[in-house]
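Below is one structure, written out as structure tokens; the observations come after it.
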Amino acid sequence: QVQLVESGGGLVQAGDSLRLSCAASGRTFSNYCMGWFRQAPGKEREFVAAISYGGGSTSYAESVKGRFTISRDNAKNTVYLQMNRLKPEDTAVYYCGAATRWAAARGWNGYDYWGQGTQVTVSS
């Protein structure tokens, strides 16, 4: 089992920045690629970003490319999502997930474990 706990969400204004963290415990963190997804009210959960086991590869949704940066610290068992130039359409609950296969990291059903989510609200 892997337990994931997200933090860092909040209410910000358009153009502001936030950094989300996801702390993992349980099995060996570096055995998993990690991803961030988000879900707005009435919408499906959508891919935001993913990072490979050692951090050498990353992948982003087009809507966040150039504004968001995913990173990980395997010594601290933590994955981060730095979000800059936030927009109202970024408002959602953000979830981190752990997956064993990098090839499936852009799809929510490729993930084995999920955190409880953290709310991000961006006002205009």
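Would you say residue 59 is open to solvent by 10 Å² or more (accessible area, probe 1.4 Å), within 20 Å of residue 7 (Cβ to Cβ), hydroxyl-bearing (Ser, Thr, Tyr) and touching a strand residue (DSSP E or B) at 6+ places or on another chain (Cβ under 6 Å)?
Numbers: open to solvent by 10 Å² or more (accessible area, probe 1.4 Å): yes; within 20 Å of residue 7 (Cβ to Cβ): no; hydroxyl-bearing (Ser, Thr, Tyr): yes; touching a strand residue (DSSP E or B) at 6+ places or on another chain (Cβ under 6 Å): yes.
Here the answer is no, as residue 59 does not meet what is asked.
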key: Matching entry among 65, 87, 43, 76 (being surrounded by 14 or more Cβ atoms within 10 Å (Cβ to Cβ) and among the basic types (Lys, Arg))   = 87
ask   = Taking the stretch 90-101 as the region of interest, how many residues are modelled with pLDDT under 95 and either crowded, with 18+ Cβ neighbours inside 10 Å or among the β-branched types (Val, Ile, Thr) (or both)?
value = 1
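Report yes if residue 52 is open to solvent by less than 60 Å² (accessible area, probe 1.4 Å) and under 19 Å from residue 113 (Cα atoms), otherwise no. Please lay out each step first, then the result.
Values: open to solvent by less than 60 Å² (accessible area, probe 1.4 Å): yes; under 19 Å from residue 113 (Cα atoms): yes.
Taking the combined requirement at face value, the residue satisfies it.
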note = Result of the Cβ filter at 8 Å on the stretch 38-59, keeping first residues that are touching a residue at least 12 places away in the same chain (Cβ under 8 Å) and β-branched (Val, Ile, Thr) and partners that are loosely packed, with under 13 Cβ neighbours inside 10 Å and in a loop (DSSP other than H, G, I, E, B), at least 6 apart or interchain, is 51/57
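The values are calculated or read from the model by the stated rules, or taken from the named source; none is laboratory data. No experiment lies behind these values; they were computed from the predicted model shown. As a convention, Cβ positions derive from the backbone with ideal geometry for all residues, glycine included, and neighbour counts pool all protein chains shown. Side chains included, ligands, DNA and RNA excluded: accessible areas come from the protein's heavy atoms. Shrake-Rupley method; radii C 1.70, N 1.55, O 1.52, S 1.80 Å.
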